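The values are calculated or read from the model by the stated rules, or taken from the named source; none is laboratory data. If you're wondering where the values come from, they're calculated on a predicted model, not measured in any experiment. In this analysis, Cβ positions are derived from the backbone assuming ideal geometry, glycine residues included, and neighbour counts consider all displayed protein chains. These accessible areas exclude ligands, DNA and RNA; they are computed on the full protein's heavy atoms, side chains included. Shrake-Rupley method; radii C 1.70, N 1.55, O 1.52, S 1.80 Å.
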2 protein chains.
Amino acid sequence: MKLDDAAVRLEALGNPTRLRIYRTLVRAGEEGMAVGKLQERLDIAASTLSHHLKTLVGVGLVTQTREGTTLICHTNYPMMRGLIEYMLEECCVEGTCAPGGLAKLFKAA
Amino acid sequence: MKLDDAAVRLEALGNPTRLRIYRTLVRAGEEGMAVGKLQERLDIAASTLSHHLKTLVGVGLVTQTREGTTLICHTNYPMMRGLIEYMLEECCVEGTCAPGGLAKLFKAA
DNA sequence: ACGGTATTTCTAGAATGTTCGAAATAGTTC
DNA sequence: GAACTATTTCGAACATTCTAGAAATACCGT
């Protein structure tokens, strides 16, 4: 993942409303959640939700599938994984992990 | 870490200029890097750099120590770790990891 | 304290983001 | 195709962010 791609994805998650949306979708698991249910759950204006979902879908963190009149939203796990990996990679310089670096911290996890 | 704290940190990293700054600092490792050297390396206006550093320091992702007239900047690894852990935790609902979830993906890493 | 280097604050303009109501569109059912 | 539900687009108000030059401040050495 390129720096600019990572940045737009981090920025997408870096808004409290969008992070709430994303977290709710992650917790919804495999089945995802309809836009309408998301709106009811988060209690925000439909237009606001649509606006933020557009951002999340635009950067690839969320995907949508239609079921009748309702749109089901899903988290895109591989994309999130790529983003986290990008952050983890940044702790390594020329193959050696910086002291106190992140990869080291996650060896046990 | 609370959602709002995670959001402001993600937002801090979600700007290309700040992500470049942060990445440069991570790569600088333990010894960190002076503000002046950062400016020279990244080729941005001193005031712009100062502005972004203030943001990164403000959310706790970067710390600064003085050495004479120069300010040395360091990444705050535990904070970054906390942020990544926050993201990883979000894939788990009530103890069970969502299928295809992130923690699972990082078991081997 | 003076001169020099390092960094921040001030100021301001352009650009972008957030929010929501109202109107419009997409799809389903009858 | 009319009525209905689900979602998006439009429009607008308001706030925030990004950038950088100029001025101000902080620290050191002499």
Search result, residues across region A:26-69 that are out of contact with any helix residue (DSSP H, G or I) (no Cβ under 6 Å at 6 or more places or on another chain) and under 18 Å from A:Gly82 (Cα atoms): A:Val26, A:Val57, A:Gly58, A:Thr63
The listed residue being within 11 Å of DNA strand D (Cβ to nearest atom), open to solvent by less than 60 Å² (accessible area, probe 1.4 Å), modelled with pLDDT of 95 or more and part of a loop (DSSP other than H, G, I, E, B), out of B:Ile44, B:Ile21: B:Ile44
Any hit, region B:29-38, residues being touching a Ser or Thr at 6+ places or on another chain (Cβ under 6 Å) and modelled with pLDDT under 95: no
The one condition in (1) open to solvent by 50 Å² or more (accessible area, probe 1.4 Å); (2) more than 9 Å from DNA strand D (Cβ to nearest atom); (3) farther than 29 Å from B:Met1 by Cα that B:Gly68 fails to fulfil: (2)
So A:Pro16, is it at the interface with chain B (Cβ under 8 Å from one of its Cβ atoms), at pLDDT 90 or above and surrounded by fewer than 20 Cβ atoms within 10 Å (Cβ to Cβ): yes
Some residue of region A:80-88 being within 9 Å of chain B (Cβ to nearest Cβ), at pLDDT 90 or above, over 20 Å from B:Gly82 (Cα atoms) and assigned to a helix (DSSP H, G or I): no
Region A:42-94, residues that are within 16 Å of DNA strand C (Cβ to nearest atom), of a type in the set (Lys, Arg) and within 14 Å of the chain's Cα centre (by Cα): A:Lys54
